[in-house]
Amino acid sequence: MQIDFLFDAVCPWCYIGKRRLEQMLAERGGPIPVINWQPFLLNPELPSGGIDRNAYLAGKFGSESRIRRIYGAIADVGLSVEIGFNFDTIRHTPNSIDAHRLVQFAAHEDKAETAVEALFEGYFVEGLNIGETDVLIGIADNTGLDADAFSTHLKSDDGIANIYDANAHAHRLGINGVPSYVFNENMIISGAQDHNVLSRMLDAALAVDDG
């Protein structure tokens, strides 16, 4: 069994979705499915340097009161899965291409999940600009990766086409938002679903395999 978890590193619901997936798997026990951490680009049009966070939110949601209401609700949900969102520390909305490149780079060392977690925590809890090269190299180093090799990787174009291809593939599957979960490449559900819903999806996917 494999589960493709489609996410963007700048998506708070993806952080929640990751936690709920982990909760579901921990409660079920037994063999752990292979989790593939697949890129999705929520903001492919952003400049490479990203944009000011306040400008981004104002353009997307409008008034400050609406922004605070939306993110206050997300923060409340985050607490239910032990995420201490700290949205007020975020000053920049980055282009997430290089963050996804870090995850792909980490996957070669079987550390993709560790990198995903570090990106989420760095951005949503510590307020780091995960679009900055130095920040990403620091995360790579803390993840136990070869920071020099990753720095060289970032200076090249390696991995960029793969991310765009994966994003396009997701849209061809009808996936237009994240988090999304693809069970054994044929059963798809989107949204930060409750762990019980994810468990039922996993049961359905296993039943298809057994059939």
Loop only per DSSP, at most 10 neighbouring Cβ atoms within 10 Å: give me the GluC sites (Glu not before Pro) in the stretch 12-116, ordered by residue number.
GLU45, GLU82
Can you give the FRET efficiency to the nearest 0.05 for LEU206 and ASN142, using r as the Cβ-Cβ distance and R₀ = 30 Å?
0.25
Using protein chains only and a probe of 1.4 angstrom, how many square angstrom of ARG28 are accessible, to the nearest 10?
90
Between the stretch 1-35 and the stretch 108-187, what is the separation of their alpha carbon centroids in Å?
15
Translational diffusion coefficient, Stokes-Einstein: compute it for the chain using the Kirkwood radius over C-alpha pairs as Rh, at 20 °C and 1.002 mPa s, and state it as an integer in µm² s⁻¹.
121
Suppose we keep just the DSSP beta bridges with both residues in the chain; what percent of those would be antiparallel, to 5?
60
How long is the gain from ASN54 to ASN186 if the chain were fully straight, where each residue apart is worth 0.36 nm and the alpha carbon distance is subtracted?
43.7 nm
Those aspartates and glutamates that a straight Cα-Cα span of less than 16 Å connects to LYS155, excepting residues fewer than 8 apart in one chain:
ASP98, GLU132, ASP134, ASP146
Run the helix sum for the chain: -39,500 (n - 2.57) per DSSP H stretch of 4+ residues, divided by residue count, reported at 222 nm to the nearest 500 deg cm²/dmol.
-17000 deg cm²/dmol
Keeping all protein chains in place and using 1.4 angstrom, which order do LEU206, LEU154 fall into by accessible surface area, from largest down?
LEU206, LEU154
Roughly what would the spin-label model give for ASP88 and ASN162, points 7 Å off Cα along C-beta, in nm?
4.0
When Lys and Arg each count +1 and Asp and Glu each count -1, what net charge do the other residues less than 11 Å away from GLU113, Cβ to Cβ, add up to?
-1
Which of the lysines could a cross-linker span from LYS18 if the Cα-Cα distance has to be under 27 Å and same-chain partners fewer than 8 positions apart are dropped?
LYS60, LYS111
Using only the alpha-carbon atoms of the stretch 31-75 as identical scatterers, what base-10 log of I(q)/I(0) does the Debye formula give at q = 0.19, 0.24, 0.32, 0.33 Å⁻¹?
-0.77, -0.93, -1.11, -1.13
Please state the shape class of the stretch 168-211: rounded when a/c is under 1.5, otherwise prolate if a/b exceeds b/c and oblate if not, all from the C-alpha gyration tensor.
oblate
Let me know the Rg and Dmax you get for the stretch 45-147 when you use only its Cα atoms, in Å.
14.6, 44
What translational D, rounded to a whole number of µm²/s, comes out for the stretch 110-211 from Stokes-Einstein when the hydrodynamic radius is the Kirkwood one over Cα pairs, at 20 °C and 1.002 mPa s?
132
Length gained, GLU64-ASP194, 0.36 nm per residue minus C-alpha separation, equals 43.9 nm
Taking springs between alpha-carbon atoms closer than 10 angstrom, which of THR133, THR152, THR114 fluctuates most in the Gaussian network model of the chain?
THR152
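The values are calculated or read from the model by the stated rules, or taken from the named source; none is laboratory data. These numbers come from a predicted model, not from an experiment. Quick reminder, even Gly has a Cβ in these numbers, built from the backbone with ideal geometry, and neighbours come from all protein chains shown. The area values use the complete protein model at the heavy-atom level, side chains included, leaving out ligands, DNA and RNA. Shrake-Rupley method; radii C 1.70, N 1.55, O 1.52, S 1.80 Å.
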